[in-house]
Amino acid sequence: MLGSRSCDGCLCFIVVAWKMEMMSIIARLFKWTAILLVVLFFGGIVAGSVVYYQISKTLPSIASLKNYKPPVITSLYAADGRKIAEFYEQRRIVLPLSEIPDTVINAFVAAEDARFFQHTGIDLIGVFRAMIKNLEAGSIVQGGSTITQQVAKSFFLSSERTYTRKFREAILSYRIEKALTKKEILYLYLNQIYLGHGAYGVAAAAENYFGKKVNELNLAECALIAGLPQAPSSYSPYHYPARAKRRQIYVLNQMVTEGYVSRHSADAARAMELDIKPVKNWYQAMAPWYAEHVRRYVEDKYGRDMLYNGGLSVYTAVNLDMQRIAREQVEGGLRDLDKRQGYRGPVKQLAEEEIEPFLTSLRRAVQAAETPPGPGDIVKGVVVDVDDDEGIVYVRFGAGSGQIPLEDMTWARVPDPEVAWYKREAKIDRPSQALRFGDVIDVRIKSLMEDETGEARAEEAGEVDAEESEKAPVNALDGTAMEGDAESDAAAYYENRRYVLSLEQTPAVEAALVSMAVQTGHITAMIGGRDAGKSQFNRVIQSRRQPGSAFKPVIYAAALDKGYTPASIIIDSAIIFEDREHDFTWKPQNYEERFFGPTLFRKALEKSHNIPTIKILMDIGVDYVRDYAKKLGVDSPLSRDLSIALGSSGLAPIELAKVYAVFPNLGRSVSPIFITKILDREGRVLEENTPAFKRVIGKDTAYIMTHLLKGVVEHGTGRRVRSLNRPAAGKTGTTDNLDDAWFAGYTPDYVTVVWVGYDQERSLGKAETGASAASPIWLGYMQEILKNKPVKTFEVPEGVVFSKIDAKTGLLPSDESVETFFECFKAGTVPTEYADPPDAVVKEEQFFKKGM
């Protein structure tokens, strides 16, 4: 018994000792663990501090945010304040937060950072959520960034997805929150954020997607834009409308959750159909040549950085209504000329099996278009039948089908520059002479055809039957083709629409037009070519072409200052110039290829006779005329020979405009003004241009030239312009081989110059002179811009007198004079001799007075 108790006691002692030892071990472990934790804690603090220090010292200063001057667009404005162009590297319009509606602000906060007004730069809940997502994915797939963090990244960091970058971002965010108010952070964010398709900031996005100012956006539009920052390309309403819609709905739901809008308002916004505008190409939309000319000037003077990032406001002199009219008249004039030249053939030829797929592509393009083509539009079509017996060509195209009657394509002869357009052989009498089955051609939609009862369809009058309207295909937002039955319905819908058509073709010839306000020098319209989309080469400024007879007024004005009068007589007779050293003989001729004998100075200019002009130049001297031309505004070099009498030296249309403007300005030259004012981004004036006049010739000489050039319009080569039915003066110009056609003319208010020709010089065709090819464009333009404006007359200055003269001799009329008229003269230069009776013997030297 005793032994047993002894063993139990020993065992208890051992257990107690073991427990005490374990407690000691645990105590020591706890102690060392505590020490280790403390060491780790402080070591972590030290390590964190070191890391923070190392990263912090490489971080940029946020002081620059206080003086926020991001790259901003440079805007060009027309004379009436409408925008005509933008230049930028980042399309951004900076607005103060006070001009950004609360709905926009709330939409972005709800979508991007619901706790923005509570956190201090970092939303730890959002960060934790993002860490879980990243761990699950095994990579960084979600950032959980606050608006402040996005500002930090946008201004100071790259887009790399690393924890180091996130740590840097967190430090900067905290600093930004300490340095700026929440409103200041929102101001930076809403102006800086990229929102797709070149738009930086909410103001640019509002213009891009909806064509509105930001304060005009409704809730649905605000929600769509606020959904873009996460992935602008993936949520593009242009390319991915369904994704954009889902993202918009998410933003609306978030706004409801955060209490910014009611559920009712969100539901109404979600149901609203958005009118997404195509991204506007300001550069091409209104005045592309004007904008490019101004762009070059600003870049040359102020530098590329100022142009594309400096936020300049450039105010120009262009009148957009006049610019539109100029564009229309140039296009119409070139199409008329192109038809007179003949038909160059179809765009391409399709085999029978290629026709239906081609038509399907045309229909899809119509469905995707913002507005379907209608009367006046030019579209591509396919010839499906040619009926010579009925004189009709049947055509199918994207918006229906139609017929081209023979009378709308008689012009479609094979081009031949040696056959004048008005000749009988320049017309076709059967459609098959020009077109055949499978030809892809351009056609103009003239009108909807009449139905069997002879009544025009309602659509022609702009009335669409409600039931038919419901059947009309709805354009897909992303421009994709309709599928299945919908596409079949669309094909049937368009195929049932029948039109009267005319044959068209894209002109190959080019043109230029420049119009300047006489009293100010403002360039109100400028067309540098037919199509700026194909070539921005500005033929008004950059081209140098022979002006032909349009240069003659320079010589006649110079002659008036050398003692000639409008009544001077010049002998129009043959002259020959020989250069035996170079084996060259020049026998200049008049356009009519005959001589007219004794010719009045006035009549020589009105009829644009070459020989009298050459003789005047020989008399007054080539060097004198070259200097005189420079004084009037010619900057291009002129040949130092008699050929300048015929306009052989190349000039730019803008130079000719400067020259002609001297005459209605009564002898004062005026510098062309394209830019009226340039302001920097703060509104300070960098430059301002006001009319600059300089006296270059006498008032009397200038007015007499106007009187002479009025005669060109009333009796001479510019007779077509008489239908302007108001005082106008001008001169045609045509070069050898009919390569260039000009009309330069003016009224008391505007001087306008038109040039027509090929870039690669070749003949415009038989009879295509300045009178037929250029003056119709000038006339159409001037008729439109002067419509409903009061008729003005040219001011007659002091020093000019009028006297009746004999039309044949230029002397004072006798009782036997057959024809007389009133002529204007400089005071003291009126003829003093009287005309002899018609049957009197005239001394030969009389005819050579001021002549050769």
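The values are calculated or read from the model by the stated rules, or taken from the named source; none is laboratory data. Small disclaimer: the values here were computed from a predicted structure and weren't measured. Ideal geometry is used to build each Cβ from the backbone, glycine not excepted, and the neighbour counts take in all protein chains shown. The accessibility values were calculated without ligands, DNA or RNA, using every heavy atom of the protein model including side chains. Shrake-Rupley method; radii C 1.70, N 1.55, O 1.52, S 1.80 Å.
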If you go through region 586-600, how many residues are open to solvent by less than 70 Å² (accessible area, probe 1.4 Å) and over 44 Å from the mean Cα position of the chain (by Cα)? 6
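In this structure, does Ile105 turn out to be part of a helix (DSSP H, G or I), surrounded by 22 or more Cβ atoms within 10 Å (Cβ to Cβ), at pLDDT 85 or above and hydrophobic (A, V, I, L, M, F, W, C)?
Working: part of a helix (DSSP H, G or I): yes; surrounded by 22 or more Cβ atoms within 10 Å (Cβ to Cβ): no; at pLDDT 85 or above: yes; hydrophobic (A, V, I, L, M, F, W, C): yes.
Answer is no for this residue.
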Quick check on region 763-770. Is at least one of its residues within 28 Å of Pro415 (Cα to Cα), of a type in the set (Asp, Glu) and either open to solvent by less than 20 Å² (accessible area, probe 1.4 Å) or without any contact (Cβ under 8 Å) to a residue 40 or more places away in the chain (or both)? yes
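Here is a yes/no grid of residues against (1) surrounded by 11 or more Cβ atoms within 10 Å (Cβ to Cβ); (2) modelled with pLDDT of 90 or more; (3) touching a strand residue (DSSP E or B) at 6+ places or on another chain (Cβ under 7 Å); (4) part of a loop (DSSP other than H, G, I, E, B):
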| residue | (1), (2), (3), (4) |
| --- | --- |
| Val16 | no, no, no, no |
| Lys31 | no, no, no, no |
| Leu65 | yes, no, no, no |
| Ala85 | yes, yes, yes, no |
Taking region 555-584, which residues are in contact (Cβ under 8 Å) with a residue 24 or more places away in the chain, in contact with a strand residue (DSSP E or B) (Cβ under 8 Å, 6 or more places away or on another chain) and not in a loop (DSSP other than H, G, I, E, B)? Leu560, Ile569, Ile570, Ile571, Asp572, Phe577
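Taking the criterion of being small (Gly, Ala, Ser) and farther than 23 Å from Gly745 by Cβ, would at least one residue in region 812-819 satisfy it?
Within region 812-819 (the criterion being small (Gly, Ala, Ser) and farther than 23 Å from Gly745 by Cβ), the answer is yes, since at least one residue qualifies.
Quick grid of which residues meet (1) touching a residue at least 60 places away in the same chain (Cβ under 8 Å); (2) among the charged types (D, E, K, R); (3) within 25 Å of Met526 (Cα to Cα); (4) buried (at least 23 other Cβ atoms within 10 Å of the Cβ):
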position: Lys699; (1), (2), (3), (4): yes, yes, no, no
position: Leu708; (1), (2), (3), (4): yes, no, no, yes
position: Arg719; (1), (2), (3), (4): no, yes, yes, no
position: Lys731; (1), (2), (3), (4): yes, yes, yes, yes
position: Thr734; (1), (2), (3), (4): yes, no, yes, yes
position: Asn737; (1), (2), (3), (4): no, no, no, no
position: Pro748; (1), (2), (3), (4): yes, no, yes, no
Suppose the filter is hydroxyl-bearing (Ser, Thr, Tyr), at pLDDT 95 or above and in a strand (DSSP E or B); does Thr706 pass it? no
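Which residues, taken from region 392-413, are within 26 Å of Arg424 (Cα to Cα), touching a Ser or Thr at 6+ places or on another chain (Cβ under 8 Å) and assigned to a strand (DSSP E or B)?
If we filter region 392-413 for residues that are within 26 Å of Arg424 (Cα to Cα), which is where we start, we get 392-394, 403-413.
With touching a Ser or Thr at 6+ places or on another chain (Cβ under 8 Å) added as a condition, the list becomes 394, 404, 408-409.
Correct list: Tyr394, Ile404.
Can you tell me how many residues within region 792-817 are open to solvent by 90 Å² or more (accessible area, probe 1.4 Å) and within 25 Å of Ile704 (Cβ to Cβ)?
Residues flagged as open to solvent by 90 Å² or more (accessible area, probe 1.4 Å) and within 25 Å of Ile704 (Cβ to Cβ) within region 792-817 amount to 6.
Being out of contact with any helix residue (DSSP H, G or I) (no Cβ under 7 Å at 6 or more places or on another chain), of a type in the set (A, V, I, L, M, F, W, C) and open to solvent by less than 50 Å² (accessible area, probe 1.4 Å) narrows it down to one residue among Val294, Val261, Val256; which is it?
Among Val294, Val261, Val256, only Val294 is out of contact with any helix residue (DSSP H, G or I) (no Cβ under 7 Å at 6 or more places or on another chain), of a type in the set (A, V, I, L, M, F, W, C) and open to solvent by less than 50 Å² (accessible area, probe 1.4 Å).
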Kindly evaluate Ala741 against the criterion of being open to solvent by 10 Å² or more (accessible area, probe 1.4 Å) and closer than 22 Å to Arg340 by Cβ. no
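Is it true that some residue in region 632-647 is surrounded by fewer than 17 Cβ atoms within 10 Å (Cβ to Cβ), among the hydrophobic types (A, V, I, L, M, F, W, C) and not in a loop (DSSP other than H, G, I, E, B)? Working first, answer last.
From region 632-647, those surrounded by fewer than 17 Cβ atoms within 10 Å (Cβ to Cβ) are 635-637, 639-641; that's our starting set.
The next check asks that each one be among the hydrophobic types (A, V, I, L, M, F, W, C); those that pass are none.
Scanning region 632-647 turns up no residue that is surrounded by fewer than 17 Cβ atoms within 10 Å (Cβ to Cβ), among the hydrophobic types (A, V, I, L, M, F, W, C) and not in a loop (DSSP other than H, G, I, E, B).
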Qualifying positions in region 657-692 - open to solvent by 40 Å² or more (accessible area, probe 1.4 Å), assigned to a strand (DSSP E or B) and touching a residue at least 40 places away in the same chain (Cβ under 8 Å): Lys677, Leu686
Of all residues in region 721-769 being in a helix (DSSP H, G or I) and touching a helix residue (DSSP H, G or I) at 6+ places or on another chain (Cβ under 7 Å), which is nearest to Trp586 (Cα to Cα)? Val721
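Can you tell me which residue within region 87-102, out of those that are out of contact with any Pro (no Cβ under 9 Å at 6 or more places or on another chain) and in a loop (DSSP other than H, G, I, E, B), is farthest from Ile673 (Cα to Cα)? Show your work before the answer.
Filtering region 87-102 for residues out of contact with any Pro (no Cβ under 9 Å at 6 or more places or on another chain) gives 87, 91, 93, 95-102.
Narrowing further to those that are in a loop (DSSP other than H, G, I, E, B): 93, 95-96, 100-101.
Numbers: Ile93: 28, Leu95: 31, Pro96: 34, Ile100: 37, Pro101: 39 Å.
So the residue we want is Pro101.
Just the residues that are over 18 Å from Gly733 (Cβ atoms) and either within 39 Å of the chain's Cα centre (by Cα) or in a helix (DSSP H, G or I) (or both), please, taken from region 605-627. Before the answer, list the steps.
First, the residues of region 605-627 that are over 18 Å from Gly733 (Cβ atoms): 615, 618-624, 626-627.
Correct list: Lys615, Met618, Asp619, Ile620, Val622, Asp623, Tyr624, Arg626, Asp627.
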Candidates Glu452, Glu425, Glu460, Glu418, filtered to the one that is at pLDDT below 95, over 32 Å from the mean Cα position of the chain (by Cα) and more than 30 Å from Asp740 (Cβ to Cβ): Glu452
Output the number of residues of region 196-225 satisfying the condition of being farther than 18 Å from Tyr250 by Cβ, hydroxyl-bearing (Ser, Thr, Tyr) and either at pLDDT 95 or above or open to solvent by less than 30 Å² (accessible area, probe 1.4 Å) (or both). 0
Which members of region 153-195 meet the condition of being within 21 Å of Glu89 (Cα to Cα), of a type in the set (A, V, I, L, M, F, W, C) and either part of a loop (DSSP other than H, G, I, E, B) or at pLDDT below 85 (or both)? Phe155, Phe156, Leu157, Ile193, Leu195
Based on this model, can you work out whether Leu786 counts as more than 32 Å from the chain's Cα centre (by Cα) and surrounded by 18 or more Cβ atoms within 10 Å (Cβ to Cβ)? no
Within region 551-570, can one find any residue that is open to solvent by less than 60 Å² (accessible area, probe 1.4 Å), more than 28 Å from Gly633 (Cα to Cα) and at pLDDT 95 or above? yes
Look through Ala517, Ala508, Ala512 and report the one residue that is surrounded by fewer than 17 Cβ atoms within 10 Å (Cβ to Cβ), under 32 Å from the mean Cα position of the chain (by Cα), at pLDDT 50 or above and within 30 Å of Ala652 (Cβ to Cβ). Ala508
With criteria (1) modelled with pLDDT of 95 or more; (2) within 51 Å of the chain's Cα centre (by Cα), Val830 comes up short on (2)
Given (1) surrounded by 16 or more Cβ atoms within 10 Å (Cβ to Cβ); (2) touching a Gly at 6+ places or on another chain (Cβ under 8 Å), where does Arg544 come up short, assuming only one miss? (1)
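Starting from residues that are under 22 Å from Gly438 (Cβ atoms) and open to solvent by less than 80 Å² (accessible area, probe 1.4 Å), keep the ones in region 341-356 and report whichever is farthest from the chain's Cα centre (by Cα).
Taking region 341-356 as the starting set, the residues that turn out to be under 22 Å from Gly438 (Cβ atoms) are 342-356.
Those still in the list that are open to solvent by less than 80 Å² (accessible area, probe 1.4 Å) too: 342-343, 345-346, 349-351, 355.
Values: Gly342: 30, Tyr343: 29, Gly345: 30, Pro346: 29, Gln349: 33, Leu350: 34, Ala351: 38, Ile355: 35 Å.
Ranking the qualifying residues of region 341-356, first place goes to Ala351.
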